[in-house]
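Everything on this sheet refers to the single structure shown next.
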């Protein structure tokens, strides 16, 4: 055996092993998600959320909404937050150094005045310029904070310092929440008697092409544009399958920053959001879990499959690329910060399954895939391609499509947001097209994210959005 | 060389065959999945159409029962069409009708609610619910219990009692709610025997159910001594909600409970039931507790404390923790005019403490 054969065989076996592990994970995710979703739906059918809406014993919740240059929609979005159906709630809007007229608009619309407010700086942050409250009792739940720009994580930390309540719900101010979203997110914290629920996440859905009026979702449509539609499928797969499966294993590592709830006491004990990472949502949850493991306290992270929060997906390749690049850098930073847990039995499922999964498949996936393409070209040139293995490897694409179709099936069996047969077929077509059109771009953005991480680029990137108001007018005309 | 090339070419074609097989298998699977989805959607649409029809019939029947003004004696029958009598054997229709009856019963009271119950029994629907109690699936069992509970069929209380300590959480919860529904406060007797925890969610449910009933003095003190921590916590909530002042000393004992959650609940309880001596007891335990409990004690003192507690609270203004300083300043300010005056006189070089005092004064002025 010469060295070329050894390299070739070694590489081939590693790739086959990797592909086999990935397929095994797909199968496990499918099985676990079915069990968890079924359990949730059955349990949920016994829940009367009206009872929680009026219960004085309901957990007290602070909604944290960081905003940077959101002047166009901020009034409507805050109004939507204030109308959420929950009794024990305060809404803190953090104006993170906006250069537009967001603050002036808020002051005028909600009759705000600057208060003498002591801020208990349990987490260090950028300077707070003022804390505003409303003279109008109708808006007594609202607190607006004006601060020096420090990024999303810093803005959230200011909100945590100011919050009076026991639980935090973080939302992106441009998201649209269902009326009962907070009720559903609060319930997991009340259910567990033997374990402490430290965080609960909710499903994000794509709102492109949906009708939104007055900050509320009026009608659901499958996105008309190709990219948002393909992301609709991607979100269904990620939230309805993957996150539900990880919840069943109590190994969930990511709750989206756009909509998630956290136990404030644990968040503060962990030092709040890390403003040195662009993946602050994942990093916080991993740190909270790590803290609980180190304290040897039984805990749980819950996830709710109900569609509760609707967001706008990037509609251009440029914005999508920026987003995926940032996600990759966030993942690498989190994995790097917590590398101590890698295959560390002290951290149980977190160290032995969740962390390695993220390291090998979420972070490593795009790298391995790119390496595979590169090596394939090299082997073709030197005439060493084993076509059987190659075609077996290519079958992963088919399994990916099958997995997507399974996700669509789960959607139909559970929440069925897109009721027309036409929508089902459009989603199925998207599932078939995804590996050839969308997936390569996502892999490319992830690789770019890796390079940007190595070049120590820590910026968020400029995410331009179309906005709901614009689209609603377009839909109605 | 040619031989090698031929070998490679043949390997390539064999692989093409492999590819063909793989593609065929996966394409078949995909097509099957798609066909299954379409068939499922077709049957669901058909079922939904039937359900709409059943809902219409059920709504009519429910409306008839709600507005029925005949004398409601046990032998009275609400007129039911032959079609409905026939449809009762259809499981889908029966489920739909039961759901509609349960929903109506949940949302209305008085004679109309009695009429709904009467119709439910007249159609012998409880027979099916009792059958479902034997199901091996927890969600079916729990649904049957919920149904019997909402229909206030107290005669089945003994059938439901064992479920109050069932290993399944949902079954247990529904059975406990049913017992409270049937017997009011006395229904809480299941707390004597329960070995599983009563979750916070269940506690809210039970308190909500009880809030609709006139308060009744039942013996709560035994639950304050229960070995089941969740029962002690629930008992403390009852003491607090129903202002059971006579249990002050029993609650005091809970301040020494080994479980910190019980101690926290006991501290919170004293905001509602207290004597002149309560604050002394709380202060005497202050330094034994962690920060969370210490803050809860100061918060309780805001409601129950007097100016006598101010010397203690003033010492807390020197504490390193600013949250504690804020809470203490608030308690001092609320203790009366003297308290506010002592804060005014409190000269400090600590800017943050000055900010706290300004904020507290602002809160009082608002």
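Coordinate-derived values only; no laboratory data. This structure is a prediction, so every number in the text was calculated from the model and none was measured. Here the Cβ is made from the backbone with ideal geometry for all residues, glycine too, and neighbour counts use every protein chain on show.
Assorted remarks:
- Percentage relative contact order, chain A, counting C-alpha pairs under 8 Å, at least six apart: 18
- Across segment A:199-344 the C-alpha pair distances fall into 5 Å bins from zero in the proportions 2, 9, 16, 20, 20, 15, 10, 6, 3, 1 percent.
- Across peptide A:186-192, the mean count of Cβ atoms from other chains lying within 10 Å of each residue's own Cβ comes to 3.
- 11 Å reach of a label modelled at residue B:275, 7 Å along Cα-to-Cβ, counting backbone N of segment B:239-254: B:246-250, B:252
- Here, P(r) means the percent of Cα pairs in each 5 Å bin from 0 to the largest distance; for segment B:96-150 it is 4, 20, 31, 24, 13, 6, 2, 0.
- Overall form of segment B:221-305 per C-alpha gyration tensor (a/c, 1.5; a/b vs b/c): oblate
- Cα-based values for segment A:185-264, radius of gyration first and Dmax second, are 15.2, 46 Å.
- Length-normalised contact order of segment A:1-142 in % [C-alpha pairs under 8 Å, at least 6 apart]: 19
- Separation in nanometres of the label points that stand 7 Å from Cα toward Cβ, at residue B:226 and residue A:422: 5.7
- Each peptide among A:186-195, A:261-270 gets the average number of other Cβ atoms lying within 10 Å of its residues, and from highest to lowest they stand as A:261-270, A:186-195.
- Spatial separation of Cα centroids for segment A:42-111 and segment B:307-366, in angstrom: 31
- Rel. contact order, % - alpha carbon contacts under 8 angstrom, at least six apart, chain B: 7
- Modelled this way, with points 7 Å down the Cα-to-C-beta line, the labels at residue B:88 and residue A:340 are 6.8 nm from one another.
- For chain B, built as a Gaussian network whose Cα springs stay under 10 Å, the top-fluctuating residue of B:66, B:25, B:239: B:25
- A Förster radius of 51 Å, combined with the Cβ-Cβ distance separating residue B:106 from residue B:334, puts the computed FRET efficiency at roughly 0.75.
- Acute angle (nearest 10 degrees) that the helix B:229-241 long axis makes with the longest principal axis of chain B, alpha-carbon atoms: 60
- Whole-number Å³ per residue for the convex hull built on Cα positions in segment A:93-219: 152
- Taking each residue as 0.36 nm, the span from residue A:399 to residue A:45 lengthens on full extension beyond its C-alpha to C-alpha distance by 124.1 nm.
- Paramagnetic reach from residue B:81 (point 7 Å along Cα→Cβ, amide N under 13 Å) across segment B:88-125: B:88
- Segment B:215-268 and segment A:343-369 have their alpha-carbon centroids 46 Å apart.
- Gained length - residue A:166 relative to residue A:367, 0.36 nm times residue gap less alpha-carbon distance: 68.2 nm
- Computed FRET value (nearest 0.05) for residue B:366 with residue A:451, which takes r as the C-beta separation and R₀ as 60 Å: 0.65
- The calculated FRET efficiency for the pair residue A:294 and residue B:195, based on their C-beta separation and a Förster distance of 41 Å, comes to about 0.85.
- Cα-based shape type of segment A:47-319, given that a ≥ b ≥ c are square roots of the gyration tensor eigenvalues and the cut on a/c is 1.5: rounded
- Hypothetical label at residue B:287: residues of segment B:311-350 whose amide nitrogen lies under 11 Å (7 Å Cα-Cβ projection): none
- When only alpha carbons of segment B:47-202 are considered, Rg and Dmax amount to 16.4, 49 Å.
- Between helix B:169-183 and chain B: long-axis angle, C-alpha atoms, 0 to 90°, nearest 10: 70
- Against chain A, whose longest principal axis is taken from its Cα atoms, helix A:317-337 shows a tilt of about 90°.
- Three-way shape label, segment A:287-329, alpha-carbon gyration tensor, a/c 1.5: oblate
- Fraction of C-alpha pairs exceeding 18 angstrom in segment B:306-366: 21 percent, rounded to a whole number.
- Per residue of A:383-393, other chain Cβ atoms within 10 Å of the residue Cβ number 4 on average.
- Cβ crowding within 10 Å, taken as a proxy for footprinting-reagent exposure, orders A:80, B:226, B:284 from fewest neighbours to most as B:284, B:226, A:80.
- In the calculated pair-distance distribution of chain A, the portion above 31 angstrom amounts to 44 percent of the Cα-Cα pairs.
- Temperature 10 °C, viscosity 1.306 mPa s: under these conditions the Stokes-Einstein estimate for segment A:15-169, based on its Kirkwood radius over C-alpha pairs, is 87 µm² per second.
- Footprinting exposure proxy ranking of B:68, B:42, fewest other C-beta atoms within 10 angstrom first, gives B:42, B:68.
- With only the Cα atoms considered, chain B has a convex hull volume of 312 Å³ per residue.
- Per-peptide packing, taken as the mean over residues of other Cβ atoms within 10 Å, places A:7-13, A:145-151 in the sequence A:145-151, A:7-13 from highest down.
- Each of residue B:241 and residue B:53 was given a label point 7 Å from its Cα along the Cα-to-Cβ line. The distance between the two points is 4.5 nm.
- Among the residues of A:241-248, the average count of other protein chain beta-carbon atoms within 10 Å of the residue beta-carbon is 0.
- Per the Cα gyration tensor, the protein assembly as shown maps to an equivalent ellipsoid with semi-axes of 49, 40, 26 Å, ordered largest to smallest.
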